[in-house]
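Derivation of every value follows stated rules applied to the coordinates shown; laboratory data play no part. Values in this document were obtained by computation on a predicted structure and should not be read as measured data. Cβ atoms come from the backbone with ideal geometry, glycine included; neighbour counts cover every protein chain shown.
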Amino acid sequence: MSLSLLLIVLLGLAMWRQERMFRTWQRQSLRTQATNDLRTKLLVSSFTNTLSQLTQETTKQQLPLVQLADKAMALVASADSLVFQAVQAMEPTTTGYDAPDFDPSDDGEIARIARRNPDLQGDDLSGFEKGILGELGIDPEFIFGGEPDQV
């Protein structure tokens, strides 16, 4: 009798352990599924944002081309220049300038040259060019209207 009681207890423990392992596996499966769902949502969100940005950029780039094609079609469709001018007068025109302010002064031009060529000195010759002129025996200051060195 004690052997059968021991067998029943062992069988009960085995069934309890099996049930516990199943519940643990079930919880892990639900966590994995939730994690995968979150990753999928993030991936879809990222893809949607990227696609939206690409669409906006493409639209910005294609709008001038569409306007140009529209003008070309209007030109082809018009019989003479007066009809074409009448068609163009009906089309909305873009007004405005999106670029930064342009400084037409000499100081503005010097600043633009300095931005394009950061190796330039106060004059138009770089240190490399001054070295070459020095090796050739030419005084770089003389090129800019200075007086030649007195020997």
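Key figures for this structure:
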read-out: Cα pair count fraction exceeding 22 Å, expressed as % - the stretch 1-88; value: 69
read-out: Computed label-point distance, nm, for sites residue 10 and residue 82 using a 7 Å Cα→Cβ extension; value: 11.3
read-out: Cβ-derived FRET efficiency at R0 41 Å, residue 107 paired with residue 133, nearest 0.05; value: 0.95
read-out: Förster radius 35 Å - calculated FRET efficiency between residue 57 and residue 114, Cβ distance, rounded to 0.05; value: 0.65
read-out: Full-stretch length increase - residue 26, residue 41 - with 0.36 nm per residue and alpha-carbon distance subtracted; value: 3.2 nm
